[in-house]
1. In whole Å, what are the extents of the range 274-321 along the principal axes defined by its C-alpha atoms, from largest to smallest?
2. Is the shape of the range 88-178 rounded, prolate or oblate, going by the alpha carbon gyration tensor and its root eigenvalues a ≥ b ≥ c, with a/c under 1.5 for rounded and a/b larger than b/c for prolate?
3. If you take the charge dipole of the chain about its Cα centre, with +1 on Lys and Arg Cβ and -1 on Asp and Glu Cβ, which of I107, F284, T227 is farthest toward its positive end?
4. Quick one: among L74, L193, L245, which has the greatest mean-square fluctuation in a GNM of the chain with alpha-carbon springs under 10 angstrom?
5. Size of the dipole of the chain about the Cα centre, Lys and Arg at +1 and Asp and Glu at -1 on the beta carbon, nothing else charged, in debye to 20?
6. When the helices in the chain are scored as -39500 (n - 2.57) per DSSP H run of 4 or longer and the sum is shared across all residues, what 222 nm value do you end up with, to the nearest 500 deg cm²/dmol?
7. At 37 °C and 0.692 mPa s, grab the translational diffusion coefficient of the range 34-167 from Stokes-Einstein with a Kirkwood Rh over Cα pairs, rounded to a whole number in µm² per second.
8. With every protein chain present, what accessible area does Y68 have (1.4 Å probe, heavy atoms only), rounded to the nearest 10 Å²?
Amino acid sequence: MKIIVWHNIMWSRYKATVFSALQAICLQRHTALQIFQIAETANQRTGLSPTDTSWHKYPYELLFKGSYESIPKLSLFWTIARKTWTDDADITVLAGYDRPEYWLQAIILLWRRKPFACFCDSTVFDNEQKLFTGLLKRLFFRWCSGIFCYGARAAEYVKLYGASQDKIIHRCQAAALYEGYSPEVALKRRFELFDPLAPARFVYVGRFSKEKSIDQLLLAFDRVRATLPAAQLVLVGSGPEEARLRLLCDQMDLNNHVQFAGAKHGTALFEEYLRSTALVLPSFSEPWGLVVNEALSHACPVIVSDRCGCVPELVIDGKTGFAFSWGDINDLETKMYALATADHATRFSRMCLEQIAPFTPENAARSILDGAIVLAARHKPELIMQ
């Protein structure tokens, strides 16, 4: 059996860990795997961390260097069409459904009568749902043999557009941590670096962009400081909203309490989680929120907007942290204050690690392979006997 998987950018370290785990399992099951990476990175990711090829321990072909946005359209369509036309896989998994090139691939595979699936991490909270685009989604999902959904909310989304239950394959999201990571070591480091008696320290990690609603975090943090004047907020990342956010901090007299830490990755990033009272993710739109996986993996509680895709699976109120109602500054302030004054930091840390334990690259990879085998066998029943 052979599986071909398409992915948009190599930058994604978490996908690299999942694909590397997928390759290891495929070797055990005598299954051939080929990954096509369309581009190295995307414009919105260039300021966060570099593309590190050492994470990619699987057979891949990079089609274009540089950012996705810089690829000439005709070259992109021609290259992808040519690769899809010569596709010899038993099942092909497309990177998504929302770009013209994915539609081109779907049409070619339909013409060739080859089964294909797609990845979907969208939720109803991402964008306003519109009639015309909704009809197109219904058509695409009808064409697919299966849809790999990242969590319950993605599954609800594809059902909204007509996908039947037998097409939906649930898969988990897994963070890219580091070689040798273990929950035991993470908990030990948490107890070494986090001081529950020190002033509250909140951290945000991600792009500085409008949909992340960092301005709401600043407003809530300012209110927290009314009762906890020594509290600190660390903003890790970069992006187009940085200048506006710095101005807002200046206007609110928060410059001595809010640190713009720049982009971080690897050990420097993980230590931010280990030292912090909580990660706060206030996004208006967030298909999943892998920083939540990272924080929980380092025994750091989370405070997450109820619009984020990971909430049903990872955010258990009073155990791994809290979800708050997006746009409700009072609710966000209340949840931040609750964690800042909690006297059971050890219990929170242990429950964070327990909740995130199943969300590993190996489990994510296994869900892809098992789903691919089922979908391919529907087209070629003899494959199930191999």
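The values are calculated or read from the model by the stated rules, or taken from the named source; none is laboratory data. The structure presented is a predicted model; accordingly, all values stated were derived computationally and were not measured. We place every Cβ from the backbone using ideal geometry, glycine too, and count neighbours over all the protein chains shown. What goes into the accessible areas is simple: the full protein's heavy atoms, side chains included, and nothing from ligands, DNA or RNA. Shrake-Rupley method; radii C 1.70, N 1.55, O 1.52, S 1.80 Å.
1. The principal-axis extents, from largest down, are 27, 17, 14 Å.
2. oblate
3. Toward the positive end, the furthest listed residue is I107.
4. The residue that fluctuates most here is L74.
5. It comes to approximately 1140 debye.
6. -13000 deg cm²/dmol
7. D, rounded to a whole number, is 202 µm²/s.
8. Number for this one is 10 Å².
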